[in-house]
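**Q** Structure provided below as structure tokens; questions to follow.
The values are calculated or read from the model by the stated rules, or taken from the named source; none is laboratory data. All of these numbers come straight from a predicted model, not from anything done at the bench. Cβ: placed from backbone, ideal geometry, glycine included. Neighbour counts: every protein chain shown. Areas reflect the complete protein model, heavy atoms only, side chains present, ligands, DNA and RNA absent. Shrake-Rupley method; radii C 1.70, N 1.55, O 1.52, S 1.80 Å.
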Amino acid sequence: MNRREFVAGSLALSAAAKAGPAWAQSGPLTRIIFPFAAGGSGDMLCRQLAEYLPAALDRKFIVENRTGGDGLIGIRAVKGAAPDTTTVLVTTGPTMYLLPMVEKEPSYDSARDFVPVSQLARFEFVVAVSPSIGVTDFKQLVAWIKANPSKAGYGVPSSGTIPHFTGWQLEKTLGLNMTRVPYRGSAPIITDLVAGHLPMCVTTLADTVTQHRAGGIRILAVSGPVRSQFLPDVPTLKEAGVDLVADGWYGMWLPAGSSPDFAKQLSVAAAAVLARPDVKEKLNAVTLIPVGSTPENLTKALAADTAFWQPIVKATGYRITN
């Protein structure tokens, strides 16, 4: 080994020695299991948490996307994980209360198999239409559906979801006759709306707001209890004459048997992350509304939505068939 090689090697060893204690100080590794693909608003939420939680909890966090089964694969993975603080689940509230309702044999019980941590962020659903049908408000949409029952198909990003059951509830409440058209995600729905191949849809605000602002589609109503901060000129379903509130949200859970103390620490740390102005700005940019709640409030939110949607889901008779 020549002198240059020796010096370079010594510097590398010195850098490694300095890096070692920094890694040790970051503590153990915790995986945030997110049961959907990377790149969406929920994935951004997870990555903001993974970036800022380590400073409060002295541990490293990474995001692991476990996709498949409309969320089932990732949820089942956390259900079977050891309660040793190394695995955290972040998923939508609907996956935690709807999927057990529509599985023929439920593979998990949200209350029994998981320890609540925090309700993280809210998101909204919308009713949107293609400009090709020539309606500009919800009242006109109802009239168009009644006049064109054979053309009244509405897209939803998947069956067994809030958009699916919201569409069904709209049919019953308004006495309409529509055809549900399930897609594989929202992207192809938006493509067909813009092209005029599909008259309307029920899906998330996040997936429709860009084309709405560009004029490619038109959002006629939002599903939340109040008007959206992102589209204050668009009425709620209630304002449009439909007595229905269909809110969505993300939550965080640990495997059953996990320490309540760790759940509380994680809840407090997550709330602090979500209160950061820079994090709020990034989440608002993808139409997420940061919350950050206690474990008890997450439990209440899950119970309330379960009680609200259970009779609706039961009335549809829908079950997952594969």
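**Q** Where residues in the stretch 196-225 are among the aliphatic types (A, V, I, L, M) and in a strand (DSSP E or B), which of them is nearest to T179 (Cα to Cα)?
**A** M200
**Q** Is it the case, given these coordinates, that R213 is in contact (Cβ under 8 Å) with a residue 24 or more places away in the chain, surrounded by fewer than 17 Cβ atoms within 10 Å (Cβ to Cβ) and farther than 21 Å from I145 by Cα?
**A** So R213 does not fit the description; no.
**Q** Quick check on my filter: what residues within the stretch 101-128 are in contact (Cβ under 8 Å) with a residue 24 or more places away in the chain, among the charged types (D, E, K, R), touching a helix residue (DSSP H, G or I) at 6+ places or on another chain (Cβ under 7 Å) and open to solvent by 10 Å² or more (accessible area, probe 1.4 Å)?
**A** Of everything in the stretch 101-128, just one residue is in contact (Cβ under 8 Å) with a residue 24 or more places away in the chain, among the charged types (D, E, K, R), touching a helix residue (DSSP H, G or I) at 6+ places or on another chain (Cβ under 7 Å) and open to solvent by 10 Å² or more (accessible area, probe 1.4 Å), namely D113.
**Q** Going by the structure shown, is A56 part of a helix (DSSP H, G or I), of a type outside the set (F, W, Y), modelled with pLDDT of 90 or more and more than 24 Å from W309 (Cβ to Cβ)?
**A** Yes.
**Q** When the residues of the stretch 145-168 are filtered to those that are assigned to a helix (DSSP H, G or I) and either free of Cβ contacts under 8 Å to residues at least 24 places away in the same chain or open to solvent by less than 40 Å² (accessible area, probe 1.4 Å) (or both), which remaining residue is nearest to D243 (Cα to Cα)?
**A** T166
**Q** Something else now. Give me the pairs: first residue in the stretch 44-55 and within 11 Å of A269 (Cα to Cα) and buried (at least 21 other Cβ atoms within 10 Å of the Cβ), second residue at pLDDT below 95 and among the hydroxyl-bearing types (S, T, Y), beta-carbon distance under 7 Å, and six or more apart or on different chains, which are they?
**A** Once the first residue is within 11 Å of A269 (Cα to Cα) and buried (at least 21 other Cβ atoms within 10 Å of the Cβ) and sits in the stretch 44-55, no partner that is at pLDDT below 95 and among the hydroxyl-bearing types (S, T, Y) comes close enough.
**Q** Of all residues being within 25 Å of S110 (Cα to Cα) and among the polar types (S, T, N, Q) in the stretch 273-296, which is surrounded by the fewest Cβ atoms within 10 Å (Cβ to Cβ)? Just the residue, please.
**A** T294
**Q** If I filter the stretch 255-272 for residues that are open to solvent by less than 80 Å² (accessible area, probe 1.4 Å), more than 22 Å from D84 (Cα to Cα) and at pLDDT 95 or above, do I get at least one hit?
**A** Taking every residue of the stretch 255-272 in turn, at least one turns out to be open to solvent by less than 80 Å² (accessible area, probe 1.4 Å), more than 22 Å from D84 (Cα to Cα) and at pLDDT 95 or above.
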